[in-house]
Each structure stands twice: as structure tokens, then as C-alpha cells.
Amino acid sequence: MKKIRFLILRRFIQLGILVTFFVCNYYAINFFNGNLNSSKVFWIIPMSDPLSIAQIFISGAISGIAIGSEAVIGLFVVLIIYGVFFGRGYCAFVCPMNMITDFANFLRRIFEFNTNKKLNISRKSKYGVLILSLVLSFILAVPAFDLISPISMLHRGIVFGMGFGIFGVLSVFLFDLFFVKNGFCGYICPLGATYSLIGKYSLLRVKHNKDKCTKCNKCIIICPEPQVLDLIGKRSGSINKIDCMKCARCIEVCDDNALKYGIFDFKNMRSKK
Amino acid sequence: MQEINKNRRNAILKTAQGIGIFAFSGLIWGAYVSKAKASSFSLRPPGAKEESEFLKLCIKCGRCVTFCPFDTLKLATPEDDVPTGTPYFTPRKIPCYMCVDVPCVPVCPTNALDEKLLNIVENDKEMMDIRNAKMGVAVVDIESCVAYWGIQCDACYRACPLIDEAIKLEYKQNDRTNKHSYLLPVVDSTKCTGCGLCEHACITKKAAIMVLPRDKALGSVDINYIKGWDKSDEARLNQTDKIAPKNSDDTNSVIDYLNSGDL
């Protein structure tokens, strides 16, 4: 149980959000409205997806169309929540696609798919996709990623009816299962890239204690973005790489209590430079 | 020296490969998106901005769908002929019942559904009036409408919430029998809101009166034709000031060319 305590918490939050959205939208209750693209939660708090707003802004900015104030306030609410506190925690605790990709990973582990194959793609390519989605939004004057986003298809589908949106979700699942380990979240998803950038200075971090570490490598094997764990066994401090999802899988698998949740230590960041 | 060249060569190749992959996926992505937004033949909720602006603003949150009490609105899924995730309705299944308080519009967070497009001023107060909605326009197919055959049917006329305004009955003698009359439904496109209650009520197998998007079904007249007998239509002439002449920067000379004697 201790080994999956954060996993259970994450599934609880992810499913809880989806179920609340579904029930409240089905019965038109004001408590939770909308979906993860834009919503009004706890009756009054607006929230909107920063990437969607960025695309809407860029596609409408040419002709100077004004975006409704509620969506803009929602953007700032999200920027504060994730920019100050949780960073890319969105991916691990809220995004429903996380359940799909984690399931693909789980099957990969069980059936021991070969993961050693050398890949020529960079983990940074998700930032490229982010730029590409903004450029396409500008050129085509319509939010480009919103129209194909399998993440939206998934949560929108669960709340409002799936239809063939299930194909988008399945393709992500199959991509992660047969093509690239953590392929979608690690290499493609521009939404994850957005939250990474927003959370550059967010407070919640995973912290490493070098003195307790036995260099067993379990954390690096389980981590969906293993390049962020470059300090394991080398130095103590918080994981400052923006790609870290704060999913806490590393904390759970660590037998030596060398990893735990903590606060961004700004001192360490400066001294490193 | 040979080694360095090899490394540089690899680096350049890798960059080129990366750019190539991005260009490739960008082109496919762009092709899909531009196709998706072009194929839009969809009826939008009341108060929706003009289609291209609506597509720019809609954040696909589905709150208009949630607050529609009749389950009229749906969010498009990929198999629908509507850009994925945007709200639309199919009047033949469930029409818009034109709620007086228009619950779907004020909840829109991005103003893709704009209250201002529905507003009227009443008792010095701005308020929404659903009769200003322009969701689409009803079009009658006179070949399959049985009223045009001479059979009495006024289902659409009775169903219309703006009866005798948006749909009127035109009486005409039936020359075939010489003792009956036609009761022909005729749509006034300036009044019709496009709610689709007529399409819903139509008794034929596939509705003979159907709601189409206004930009697909209606034409528009340029200012070279003006109803001189209609004051409000003459107001369109003011647009000439905004149109720059093609060959000259001097707007007045173009407007007054008959008076100036330059001919």
C-alpha cells in the first residue's frame, strides 16, 4: 500500500474530477461546469486551459477579436495555481490521458517490451509541437491543437459523449504501448510542454537526499521523464528540471527514503549556476 | 580532422531531419485543420458569432450544452460533419425551443456566444431577446412540400414560434381542381431565427422545410443596387465612404464623377 499511495491519490483525483464534471453537467448543477478546456468550479471559480487560451488569442489576435473576460480570469487562476504551486503536476494529477499512458506503460512492464531501441527523437520535441500548434493557429486562424487534441477528446468524451473520439485516445494508447515508451507525454504533448513552462518556478518539488541514496536506479527506471533525475546519487536538492511531472512514482519506489516531496530550493538553483 | 567533420555532418543531418519531421507533421496537421474548419455546415447555438469568428473563439467547454434544458445542443465528435468539440444542433432530432431567458448564451466564457448580438433595449435596460437569434434560416423545398401539391398541411406554420412573422401562409387558387386553394408556407428570412421547430414538425419523410446556415442559404446585394423607396436601405450607401476606390485615393471624385463634368 505504501508503494502506491500517491498512485492511488492521483487516480482518486483524476477520476474524481471526471465524475464530478460528468454528474454536474448531466444534471446541470452549478457546482462544476464545463470540462478541462474551460470550466467554472465550486460555483464561482473560472478556470481555462492555458494552451487553448493561447491558441484562441493567437488565432483571433490578427483581427483583434476580444476574448470573454471569464476565460481570461480563468487563465490567470490556472497560471497562479500551477505557476506558483504545482507546475507540471497537472499532467500527473489532473490529465485523464495520464491513466491511458500509465496503463500502456504498465502493460509494457508486464510484457517486457524491448525499450532499448535507440530513438532519434529529443524529449524537447514537445516544445517544438507547442510552437507548431501556435504557428498553425496563427496561419489557419483557428485553434489548431484544440481540433485534434486527443486529451480534449478524452475528457470531453467522458463528460459529453465520446463518439469516434475514442480513436484518438486509442491511437495514443497504441503509440505508447508499441512505439515509444511514454511517447505521447514525453515527446509530443504540447499541453504538458505548456505546463512545464508555466511551472518553471513552482514551489512543489521532489527532493533528493544524496546521503540516503544507495544508487539502486529504481527511480530512474520508473520515471516517465527520466532525464530530470540527473542528480540522483550525485547531489542533494530539489529536482529543478521543468519536465518533472511531480507524479511521485520515484518517491514510492525508493526503498531508502532518499526522495520526498518538498519545496523548490531557490538557493541551490543559484549556487549551481 | 576527419572525426570533427563526421560529427558536424551528423549534427547537421540530425537538425535537418528534425526540421523535416516537423514540417511533414505540420503540413498534415494543417491540411486536416483547414479541411475541418471549411466543411462546417453546422447550426450554432443562439447568439453565436459569425462562423469563422465563432471557430476562433469557441473553447469547446460544453457549458452551453450543459445549460440547454432541452438537450438540443451537442458537442461534435470526430465523426460529425462539424469541427470537433464545437456545439451544434440538429433540428430534425431536437430543435431549439427558444427559451426566453436564453440560458446557453451568458455561460459562454469566451464570448463565442455573444449576448450583445441578442440584446434589445427595453425600458432603458439592455436585455436578451431570443427573437434576435440568427442560428440559421428555414428553406422550403417546394417540390417535396405537400402544401405546394395542393394538400392542406400547415404543420410548419403552426409550429413556428414566430407564426405569421417568420412563416406566413400565402393563399393561391388551385388551378388543377379549380375549387380548392393552396396554403403555401413562405419564410421571411429577416424574421426567421433558424430554431428548426418547422423542420422538426414537417410531415414528409425527409423534411421539406429545413434550416440551413444563413451564410450558405442567403445571398447579399452590393451597394450598386439600392431600394430607393426604402429609407433604411438607403443607409447602406454610407458604406461608400469606407470603400477606397481602386485607382485613386480621392473618394469624393468617385462619388461625384457625374457632377464634376470630367466625363
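The values are calculated or read from the model by the stated rules, or taken from the named source; none is laboratory data. Predicted model, so just to flag it, every value in this text is computed and none were measured. Cβ sites come from the backbone with ideal geometry, for glycine too, and all protein chains shown count toward neighbours.
If I ask for residues that are touching a residue at least 40 places away in the same chain (Cβ under 8 Å) and under 12 Å from A:SER152 (Cβ atoms), which ones from the stretch A:25-57 would you list? Can you show your working first?
If we filter the stretch A:25-57 for residues that are touching a residue at least 40 places away in the same chain (Cβ under 8 Å), which is where we start, we get A:25, A:35-37, A:49-52, A:54-56.
Across the stretch A:25-57, the qualifying residues are A:ASN35, A:LEU36, A:ASN37, A:ASP49, A:LEU51, A:SER52, A:GLN55.
For the stretch B:77-108, give me each residue that is of a type in the set (A, V, I, L, M) and more than 8 Å from every other protein chain (Cβ to nearest Cβ). Walk me through it before giving the result.
Residues of the stretch B:77-108 of a type in the set (A, V, I, L, M): B:82, B:94, B:98, B:100, B:102, B:105, B:107.
Of everything in the stretch B:77-108, those that are of a type in the set (A, V, I, L, M) and more than 8 Å from every other protein chain (Cβ to nearest Cβ) turn out to be B:VAL82, B:ILE94, B:MET98, B:VAL100, B:VAL102, B:VAL105.
Let me confirm something: among A:PHE167, A:PHE184, A:PHE178, which residue is outside any loop (DSSP other than H, G, I, E, B) and free of Cβ contacts under 8 Å to residues at least 12 places away in the same chain?
Working: A:PHE184 fails: free of Cβ contacts under 8 Å to residues at least 12 places away in the same chain; A:PHE178 fails: free of Cβ contacts under 8 Å to residues at least 12 places away in the same chain.
The match here is A:PHE167.
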Could you please find all residues in the stretch B:49-72 being more than 19 Å from B:SER34 (Cα to Cα) and either surrounded by 24 or more Cβ atoms within 10 Å (Cβ to Cβ) or within 7 Å of another protein chain (Cβ to nearest Cβ) (or both)?
B:CYS61, B:GLY62, B:ARG63, B:CYS64, B:VAL65, B:THR66, B:PHE67, B:THR72
Can you find even one residue in the stretch B:1-19 that is outside the structural domain of B:VAL100 (by the TED database), under 23 Å from A:ILE56 (Cβ atoms) and among the small types (Gly, Ala, Ser)?
no
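Hey, could you check the stretch B:160-198 for residues that are among the hydroxyl-bearing types (Ser, Thr, Tyr) and either closer than 13 Å to B:ILE209 by Cα or in contact (Cβ under 8 Å) with a residue 24 or more places away in the chain (or both) and say which is surrounded by the fewest Cβ atoms within 10 Å (Cβ to Cβ)? Break it down stepwise before answering.
Restricting attention to the stretch B:160-198, the residues satisfying the condition of being among the hydroxyl-bearing types (Ser, Thr, Tyr) are B:171, B:177, B:181-182, B:189-190, B:193.
Of the ones still in play, those that are also either closer than 13 Å to B:ILE209 by Cα or in contact (Cβ under 8 Å) with a residue 24 or more places away in the chain (or both) are B:177, B:182, B:189, B:193.
Numbers: B:THR177: 9, B:TYR182: 18, B:SER189: 14, B:THR193: 23.
Taking the candidates together, the pick is B:THR177.
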